[in-house]
Amino acid sequence: MDSGQLARPDLVRLHAAGDRADLPRGDRALFQRFKWRFIFAPIFLVVVSAIFSLWDLKGIVLVAFIWGVWHGMMQTYGFCRIYDAKVGSFAELTRRLDFALCGIWFATAVLLSSQRMTDTFETYYAAGGPFIPPGFLRAAQQGLLAFALLVSAVFLANFIRMWTSGKRPSPVKLVLLITSISFWWYCNNIVASVLVGIALFEVFHDVQYLSLVWIYNRKRVETDSSIGGFMRFVFRRSGSLMGLYVGLIFAYGALGYFKSSIDIDVVKRILTGVVTASALLHFYYDGFIWKVREKSTRQSLGIGGGTTDVSTSGFLPSWALHGAKWVAVFVIPLGALWFGQVRLPQNELEHLAWIAADLPVSARAHTNYAKALQEAGRLDEAADEFSAALRLNPASAKAHANLASVLIGKGNLEDAQTHFETALRLDSNNAELHSGYAYLLERLDRPEQAAAEIEASVRLDPKSAQARYSYGAFLEKHGKLEEAIVQYRQAIQADPRHVDAHLDLASALFQEGDLQEAKAHYLEGSRLKPELAQPHNDLGKVFMREGNVASAIAQFEEALRLHPDFPEAEENLRSARETEAQSRWQSPR
């Protein structure tokens, strides 16, 4: 029996705590039965997940997502089989219809969710997946929905037939199916935030799942003498032990949160891979540990019937069949996604355009594409995409602010003001919105209103690097250089990687005559963003002030290498070379 689901690597932590509840179930008999799976699967998945995370390969995310949706569907199906078994309902057709109903509705809810499909396509295209034509996707969505309705009708007809013939399926199962599928649909298609939707379904899932795990293991401890000491200790009849059980779950789940507090990127990536691998392991282990059709599982759940534990018949040996499944559902898909991302040309702007075309009703897809167009300098197209996003979600303060930023770039300040004011009405406590509006008011020559807005941004979020930086730029523009330096320093303290704060602080320090510190911040800004030519030009001026003409020439040449059409750097280089030549002519021979 399976449970849970996984959407993205940053969402693993939302269900890590609950879904690891099955890990303490292990015992010697179970280990001996699946020894090689328990030994090799963790090593293989941890190594593969860590490598993919280190190299920022997206394929592992997509595979984990698909495994997770399957896993969540199987949890609901497994509960169906338990409830039917408790009332003695073992009809083959009923079992197959349960499976079909769970599978089709879990898949349909995801495929029709613009939020979830935006996430999925972002990962799919980033992993090098080929373009899916919008017409094909639309046909698949409509066809899947029609098929889901057909399966539901057949399921209901069979349920009524079985009920009237006296072979009644469990009515609790029917309630479970209605509530689980409806809530899954709600979390995917109605809840605006993907994070919130996943969290809600995980709470819904864990209440059922953790209760079952506790009951299952309590039964095994009482009836199976081979169960080890740790299991007997944790699952004995004790309220405090139930607290320990829940505590162990949360302690394991805390790994997902712990990684977000680590600043070392390599360590964070490795830990992300380990957390992803643990989620995949949970999906994998539940696939063969929890099989309701097996006799031992039924006995531990307190239900009758079932086959023997080990099946000895089959076309292929069990190890070969198991290996073939791994190749089909993990190795081949992951290998194809690796090849697509590493070997095929990548174009992020094109990928975002594909997502917006595939999901025309996704506000986020249009917003992401618009931001990329804005960065590429295609302002007219960016404005169209932001407008499309606002038609779909007119209450998005960020979309209004982004459109206002594009309109400022186009010189349409009046319309930009309208969108900024709308954004502030929607989110009046957003420091960045006040900061952006202050910049617009400066452009509109309203310095007093701009000052009020920039002060409001700092007051609302004193730790915001962007708010502090904007305040510093405002103060510097109005001749308050010392006060501006204070704000720039605070911006860097809040975000040491804020390139503009480093460069503007360096410029202000240069004006104040503090050449050494100015040089340090120019160097840091250049290190953080090596493609910028301006820091090299400014460093050249610092070296010229210090009398280090050779180093100045090297910096001016580097600025021109990065940006050949840079008149100021050209003039500075000419002047520096003249100074060098004059110095040589004047030096004694």
Output wanted: per-residue J couplings in Hz (rounded whole) for the stretch 31-38, from phi through Karplus 6.51 cos²θ - 1.76 cosθ + 1.60, θ = phi - 60°, x for Gly and Pro. 5, 4, 5, 10, 4, 5, 5, 5
The stretch 71-88 - phi-based ³J(HN,Hα) in whole Hz, Karplus 6.51/-1.76/1.60, Gly and Pro as x: 4, x, 5, 5, 4, 5, 4, x, 4, 4, 5, 5, 5, 5, 4, 5, 9, x
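Test of the criteria: in the stretch 326-391, which GluC sites (Glu not before Pro) are in a DSSP loop and have at most 16 other Cβ atoms within 10 angstrom of their Cβ?
none
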Net charge of neighbours whose Cβ lies under 12 Å from the Cβ of residue 318, counting Lys and Arg as +1 and Asp and Glu as -1: +3
Here, residue 325 and residue 414, labelled 7 Å along Cα→Cβ, have an inter-label distance in nm of 6.8 nm
A chain fully extended from residue 147 to residue 357 at 0.36 nm per residue, minus the present Cα-Cα distance, gains in nm 73.1 nm
Just to confirm the filter: which trypsin sites (Lys or Arg not before Pro) across the stretch 400-501 are DSSP coil and have at most 15 other Cβ within 10 angstrom of their Cβ? 410, 463, 480, 497
Using R₀ = 45 Å, calculate the FRET efficiency as 1/(1 + (r/R₀)^6) where r is the Cβ-Cβ separation of residue 175 and residue 348; round to 0.05. 0.45
Mind giving me the nanometre distance, one decimal, between the label points for residue 515 and residue 34, set 7 Å out from Cα along Cα→Cβ? 7.1 nm
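Cα-Cα over 23 Å: which of 398/463; 371/410; 477/541; 35/58?
Beyond 23 Å: 35/58.
Only Lys, Arg, Asp and Glu count, each charged at its Cβ (+1, +1, -1, -1), so figure out the dipole size of the stretch 531-589 about its Cα centre, rounded to 20 debye.
Dipole magnitude for the stretch 531-589 comes out near 400 debye.
Bear in mind these aren't lab numbers, they're just calculated from the coordinates by the rules spelled out. Computed from a prediction, not measured in an experiment: that's the story for all the values here. No Cβ is skipped: glycine too gets one built from the backbone with ideal geometry, and neighbour counts run over all protein chains shown.
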